[in-house]
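See below for the structure under consideration.
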Amino acid sequence: MAKQVIAIVGRPNVGKSTLFNKLVGERRAIVEDTPGITRDRIYGETEWRGRKFAVIDTGGIEPKTDDLILKKMRAQAQIAIDTADIILFLCDIRAGLVADDLDIAVMLKKSGKPVIPCINKSDRIGNVDPTFYEFYELGFKCDPIALSALHGSGSGDVLDAVCEMLPEPIDEEEDDDRIKVAVIGKPNAGKSSIINKILGDDRLIVSDIAGTTRDAIDTMCDNEYGKYNFIDTAGIRRQSRVDDKIEKYSVLRAKMAVERADVCVIMIDASVGITEQDEKIAGIAHEAGKPSVIVVNKWDLVEKDNSTVNAFTKDIYDSLGYMTYAPILFISAKTGQRLQKLFEHINYVHEQSLLRISTGMLNDVLADAVARVQPPSDKGRRLKIYYMTQTAVAPPTFVTFCNSAELFHFSYQRYLENCLRTTFGFRGTPIKIVVRQKGDNADD
């Protein structure tokens, strides 16, 4: 299911970061009494009543100000508001209802998003501060909720209200025959251009200015190869260069797009070559367990000879040593060169991620692998692998039972992974191996 987004907004110093930390269960946001500490949106995740949410902490909103930094803080909060599914509007009961709260309320009503007024610093136990009733003047459909972000009281009531006000997220698994494809990469790698070429029109805005695509955009495409939902995402820049407030949120949406995708298309600019940032972007897909196709775009701009493809392929696999399972396709979104091959690759890696192997066949491969390369030992104690079974697909996940998880070195796990790939394929998809120690006796 698509993860829904909660944005926490309000004036400076009303406790937004404290509430954020309480909801996500860790101290991710800086908390100080000085207004304006949180200037950038910070995001985390929370789960309540079986539903998962992305939570965004925003800088304080000063509705009427000439201060440049405060204006930028308002701008970045506005972006969070525009893209959130629900808004927690935090106010301070100790300050009472102030003019800025009313101005922010107008701003939130214009967004058309559901809003929950959260009246923070309500620390009285068993008693309601009379000031609380002032906040009904905000005029939202949802009644104000008293809470103490510092102590955690009332946070459950807030999340209950979130679940009540938001419909259940759309179960994207209902359309099982439509493959969801996240197109990810650095800015200006040609992500929007490739989708436009596939669609045969300029459905998406394409510009040479890096960062044109601000949000993840879903585009449906049906053709002779199948049914697809292409998710175009904002380009992911190096973190130190993500100083534009809009772009910081774009990175979050891109990561969320990867999370809900079935397949990732990792775009690399052939005119630039593989970079450190490409490695990090590919790592997002790999860590998420998504089958991937590495697409080298702008191939028409590269001067080529008989060794160019091989040299470029080697450079990519040398840089992405953890992802040599992913096929590489050289294309030109501008000319359409080899674009149809992309669908074949997407279908193939998707099918590979759904492969399921019987326990009997797995253990035949395991026995052969152990016979050819003996498991590691340490101080006279040798690893014994009893059996292996597949427990999941997308990504294919295998549980191995052994006498000592400590002896099951990563290098031997990699060896077994290679044996599985040699025998069964799994081209284009990560493989997950889970080690389980069977019983307490290490040497039996």
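Accessible area of residue 408 (1.4 Å probe, protein heavy atoms only, ligands and nucleic acids ignored): about 10 Å².
Summing charges over neighbours of residue 432, with a neighbour being any other residue whose Cβ is under 15 Å away from its Cβ, gives +3 when K and R count +1 and D and E count -1.
Report note on the peptides 102-114, 345-357: ranked by the mean count of other C-beta atoms within 10 Å, highest first, their order is 345-357, 102-114. Take the Cα of residue 304, step 7 Å toward its Cβ, do the same at residue 406, and the gap between the two points is 5.4 nm. Straight-distance candidates among the lysines for linking to residue 438, with alpha-carbon spacing under 16 Å and chain neighbours fewer than 8 residues away dropped: 384. Hey, with R₀ at 30 Å, roughly what FRET efficiency would residue 164 and residue 354 work out to, going by the Cβ-Cβ distance, to 0.05? Step by step, r from the Cβ atoms, then E = 0.25.
Multiply the residue separation of residue 363 and residue 317 by 0.36 nm, subtract the distance between their alpha-carbon atoms, and state the gained length in nm to one decimal.
Details: separation 46, 0.36 × 46 = 16.56 nm, distance 2.99 nm.
Taking 0.36 nm per residue and subtracting the Cα distance, the gain is 13.6 nm.
Measuring between their Cα centroids, the stretch 73-123 and the stretch 321-351 lie 45 Å from each other. Full extension of the chain segment joining residue 387 with residue 272 gains 36.8 nm, where the gain is 0.36 nm per residue of separation less the Cα-Cα distance.
Modelled spin-label separation between residue 137 and residue 220, with each label point placed 7 Å from Cα along the Cα-to-Cβ direction: 4.8 nm. Neighbours of residue 376 by Cβ distance under 13 Å: Lys/Arg scored +1, Asp/Glu scored -1, total +3.
Heavy-atom accessible surface of residue 436, to the nearest 10 Å², is about 120 Å², with a 1.4 Å probe and all protein chains retained.
Highest-first packing order for the peptide set 323-335, 156-168 is 323-335, 156-168, based on the mean count of other beta carbon atoms within 10 Å.
The values are calculated or read from the model by the stated rules, or taken from the named source; none is laboratory data. Not measured: the values here are computed from a predicted model. Quick reminder, even Gly has a Cβ in these numbers, built from the backbone with ideal geometry, and neighbours come from all protein chains shown. What goes into the accessible areas is simple: the full protein's heavy atoms, side chains included, and nothing from ligands, DNA or RNA. Shrake-Rupley method; radii C 1.70, N 1.55, O 1.52, S 1.80 Å.
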